[in-house]
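Inspection log for the structure reproduced underneath, given as structure tokens.
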Amino acid sequence: MNSNAHDWIDRAPRLPLKTTVFFDYAEGRVKGRTVNISESGMLAVFDRHLDVWLPGRIVAVVGEWYLDVRVRVVRVDGRTAALTFEGLTESSRAAIQKLVEQSDGVLV
């Protein structure tokens, strides 16, 4: 048996974050509210259902931090969507790390 068959990659720790975000995609913009964030993605509830694999951008202003990153929808449950961050620049990565640090620090 291949020993790699049972190797798992742990999910990045998710921390609660409640802020307004906008999902921009080819057909327009959808408003949402984040549930949690990690250094690899976020979970948010949107005003409408999003399709799995839909690419777009998340835009948010949280305090002094402006976030504008490419994302892809990876899981959907009703209007709740899990998004993975894609193609992060160093400034985007720094903004995400600051958002994670400024969350209330309770792992979920």
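Scanning segment 46-71 for residues that are surrounded by 15 or more Cβ atoms within 10 Å (Cβ to Cβ) and more than 21 Å from A94 (Cβ to Cβ) yields F46, L50, L54, G56.
Of the residues making up segment 48-78, those that are part of a strand (DSSP E or B) and of a type in the set (D, E, K, R) are R57, D68, R70, R72, R75, D77.
Suppose we filter A94, A12 for residues that are assigned to a loop (DSSP other than H, G, I, E, B) and either modelled with pLDDT under 85 or within 12 Å of the chain's Cα centre (by Cα) (or both); which single one remains?
Working: A94 fails: assigned to a loop (DSSP other than H, G, I, E, B).
Residue meeting the stated conditions: A12.
Scanning for something of a type in the set (D, E, K, R) and touching a Gly at 6+ places or on another chain (Cβ under 9 Å), does segment 58-70 turn up at least one residue? Among the residues of segment 58-70, at least one is of a type in the set (D, E, K, R) and touching a Gly at 6+ places or on another chain (Cβ under 9 Å), which makes the answer yes.
When segment 73-85 is filtered for residues that are surrounded by 13 or more Cβ atoms within 10 Å (Cβ to Cβ) and over 17 Å from G28 (Cβ atoms), the ones remaining, listed by number, are V74, V76, T80, A82, T84, F85. Do you know which residues across segment 32-72 are at pLDDT 90 or above and out of contact with any strand residue (DSSP E or B) (no Cβ under 6 Å at 6 or more places or on another chain)? Residues satisfying the conditions are H49, D51, W53. Inside segment 72-87, residues that are among the polar types (S, T, N, Q) and without any contact (Cβ under 8 Å) to a residue 40 or more places away in the chain make up a count of 0.
The values are calculated or read from the model by the stated rules, or taken from the named source; none is laboratory data. Small disclaimer: the values here were computed from a predicted structure and weren't measured. Counting neighbours? That spans all protein chains shown, and the Cβs are built from the backbone with ideal geometry, glycine included.
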